Amino acid sequence: DMDDASIFGTIYKFVCAYIKCHGVEHDDNDNMDDDDDDDDDVYYHSILTSFYVQQNQYEKCISSMQREHFYGNYSRDSREIVTLQILNRIFFYFLHSFDLAYKLEKVVTATQGDENADDEAIMDAEMVLINERIKERRSELQHKYAHFLQRQQRSRSRSQSVPPSFEDDSNANMSDKRCIYSKYMMLDAPFHRDVSDHSDDHRDSNINDENEQQVLNVNESENENVHVCTFGRHYKYWLEFSNDEWFVYAKHGSFKDELLCNSLYHISSLQWNDVTEEAKNYQQCNYGKSMQKIAEILHGHVEQSHIGMAHIMALLLYTNFNVLRVAFLKTYYRRTNESSLALKSRHSNFAIFARLLSECVQWYGDTAAGGGGHDDDSEAHHLYFYHIINASEFVFHSTTVQMGLPFSVSSNLQVMLAKNVEIEEWKSQRRHSHSQYQGMLLKMRGHKNVRYFETAFLSKFVNEDEVFLIGGDEYLYFDDILSPQMGDKFAPFLKALNIVSTIVSGDWYKGGNNNNGISDRQQTLVLSLLNNRLLSRSLSTGSNAAAPAAAAIPEYMSRICAFYCLSVHEISIDWTALHCVHHKRYKTWSGYQFCTRLLCLYDTNSCFVNLNVLQALFENVHTVNINTTRYHSLCLSEFVVSSIYNFVLNQSDQDNVMQVRKIVVKKPVESTMSIQDAINNYYAKFKTLEWSITQTQDKYNDKYLIVQKL
């Protein structure tokens with residue numbers, strides 16, 4: 001009847017008791033100096049020094065003396081070293097899973113077991129309690145670790161033994177060595193862009209890294225009417241892509257040469273031997289044999305091939321060598337004023353490494369289960385991934401993303417909560433922190449064709465449940481943002497932002513699962529997001545603006561909404577969707593009738609979009625398209641044309657450069673005024689403002705009214 005965490009707790013106590021009674025020879029001199037009664041409780045924490053706190057120092061063991069200090073008489077025996085590391089993995093899994101709060105007893109809250117609990121609650125009390133329990137557990141560990149360091153210092157002072165070529169790390173905090181570059185949080189602020197910068201030319205974002213400024217490409221693309229945020233470049237390494245713009249030739253002739261002779265960062269030949277031996281063991285185990293690439297060859301035969309040594313070595317190096325991984329990831333970041341050719345040249349230092357990692361995911365990885373996009377609300381088969389972000393620096397303009405760079409996540413929420421606390425500890429003690437750390441967790445899922453590789457079994461810390469993704473063409477979806485400190489869950493706000501995106505993309509919202517349209521709660525959040533954006537732009541929308549019961553918008557969601565609005569350059573509004581609750585034929589397609597008072601202007605018998613509101617919301621927009629259908633027509637009238645003219649006139653009178661340069665109305669009803677009459681009446685007026693008013697006709701004989709800047 002025990003849960004998993006309780007079983008770990010029982011094993012933890014048993015092993016600690018065994019070590020206390022049988023595993024340690026007491027030192028009388030130590031006992032005389034120590035006043036603490038729990039002295040024996042810290043003996044086993046020595047493993048934290050060489051395999052957790054000083055993981056980066058372990059990686060720097062290049063010389064024979066350094067290796068001998070860490071590995072003793074087996075410093076040149078790769079088989080013994082690999083065996084030792086496997087035993088350490090087991091030790092860490094059972095003891096430090098509990099120590100580092102990766103395993104906690106089940107937290108019971110008032111809402112737990114309540115069938116009426118809201119799945120989209122904005123607050124999560126259970127997450128706050130877990131976060132507090134994690135901090136308590138890590139505080140206890142810090143105390144034990146400090147006690148261990150005192151014993152280590154006394155022992156070192158007697159033996160006068162100091163690790164060769166290393167600084168004395170006795171005063172280091174337990175988190176110092178591992179949090180400088182956590183694999184579960186991107187390098188410092190790669191996604192940041194100042195939202196006050198409205199220039200189209202500033203699409204890249206700066207990060208501060210030592211004395212160097214680097215930028216990560218943040219691209220926008222339109223694919224099947226989906227506004228996609230793309231992080232990094234999807235490099236190509238295979239000869240069939242040699243004509244691709246981002247094809248990269250390998251600088252070195254072999255994987256071994258690339259790792260041993262790399263000018264950016266290299267490992268030693270002894271480390272190469274260690275990794276080779278370790279990869280051989282994993283390749284020959286049952287789990288390694290189960291990883292097969294299936295390829296169709298001639299005449300329809302199917303060939304299966306086991307994962308290769310080089311692929312396993314690449315995964316081991318990426319997963320366990322922190323300093324190497326950081327040097328590798330930096331080749332995905334464009335330095336200030338660096339050309340694409342120079343960026344590819346730097347990346348060519350790790351081209352074979354990157355190719356092997358890509359093949360591991362695409363050939364031997366698993367496929368994410370679940371729906372094919374935001375339209376699918378079913379969560380029954382979704383595999384969720386978690387990644388840490390610094391909310392003070394991380395913003396994005398779409399919840400649909402493509403990751404072009406290596407990306408480590410965890411499938412275990414509790415692990416990521418613990419890692420976030422660890423990073424918070426390190427950031428709070430950092431003397432020269434460039435920005436305030438606001439740790440949050442991204443909850444994401446993949447398109448059903450997204451491929452990923454579970455690297456947990458290769459990691460020195462297997463209990464972190466690490467999952468690795470790299471450079472696929474399919475989408476990831478940000479489903480939620482979690483704030484562990486306050487228990488905030490931003491999923492409802494992200495869904496509201498998706499609704500805003502579909503409004504200005506000229507589509508119906510297809511994320512509902514009933515015939516009632518968008519819920520009242522979601523309507524309130526959408527209007528609150530838009531009104532909050534208008535207030536931030538100091539715009540008075542007048543008497544036609546809706547005044548719903550405004551929901552409080554978190555500051556972080558306001559920033560994300562502002563960043564999204566700045567990224568919109570073309571607006572397409574489906575006139576029918578804007579004025580209906582749901583589609584007449586497809587009942588699960590929801591419309592946006594609740595937004596009409598905010599987004600439209602009304603006359604006695606006419607209605608048109610409020611161009612001033614659209615300009616205020618999306619200040620970088622240059623084209624506005626109004627598309628009509630037979631289900632809900634837009635009647636062309638004097639009010640409609642005068643609204644367009646007055647908007648152009650008012651914008652022209654202002655000092656700022658007008659962004660909107662084209663307004664198109666498709667197939668307006670000409671019962672009150674024809675398009676030709678509108679041209680005759682307003683041609684001279686628009687000409688004075690250096691604008692034109694014309695009409696065109698498509699192959700279906702649908703007429704368009706076009707007003708654009710000359």
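Bear in mind these aren't lab numbers, they're just calculated from the coordinates by the rules spelled out. Because the structure is predicted, anything quoted here is derived from the model rather than measured. When we count neighbours, we look across all protein chains shown, and the Cβ atoms used for this are built from the backbone with ideal geometry, even at glycine.
With a simple spin-label model that places each label point 7 Å from the Cα along the Cα-to-Cβ direction, the separation between D4 and S428 comes to 2.8 nm. Protection proxy ranking for 306-316, 128-138, using the average of other Cβ atoms within 10 Å per residue and placing the highest first: 306-316, 128-138. Placing unit charges on the Cβ atoms of the charged side chains and taking the dipole of segment 660-702 about its Cα centre, the candidate lying farthest along the positive direction among S674, Y700, I663 is I663. Less than 21 Å apart at the alpha-carbon level, and either on another chain or at least 8 residues along: which lysines does that give for K489? Within reach: K106, K135, K419, K443.
How would you order 495-503, 589-597 from highest to lowest mean count of nearby Cβ atoms within 10 Å?
Per-residue Cβ counts within 10 Å, averaged per peptide and sorted highest first, yield 495-503, 589-597.
For A250, no residue whose modelled amide H falls within less than 5 Å of its own remains once neighbours fewer than 5 places apart on the same chain are excluded.
Here segment 562-710 has an Rg and Dmax of 15.4, 47 Å, counting Cα atoms alone. Segment F247..N273, full-extension length gain: 6.3 nm, with 0.36 nm per residue of separation and the alpha-carbon distance subtracted.
For the peptides 668-675, 631-638, 439-446, residues were scored by their other Cβ atoms within 10 Å and the scores averaged per peptide; the highest-first order is 439-446, 631-638, 668-675. Here's how it looks for H579: its modeled amide H is under 5 Å from those of Y592, which are all 5 or more places away or on a different chain. Residue-wise HN-Hα couplings along segment 613-628, as the Karplus relation 6.51 cos²θ - 1.76 cosθ + 1.60 with θ = phi - 60° gives them from phi, are 5, 4, 5, 6, 5, 10, 6, 9, 5, 10, 9, 10, 10, 10, 10, 10 Hz; Gly and Pro carry x. Run the reach check for K330 against lysines, Cα to Cα strictly under 20 Å, same-chain hits fewer than 8 apart removed. What comes back? Within reach: K60, K177, K183, K236, K251, K344.
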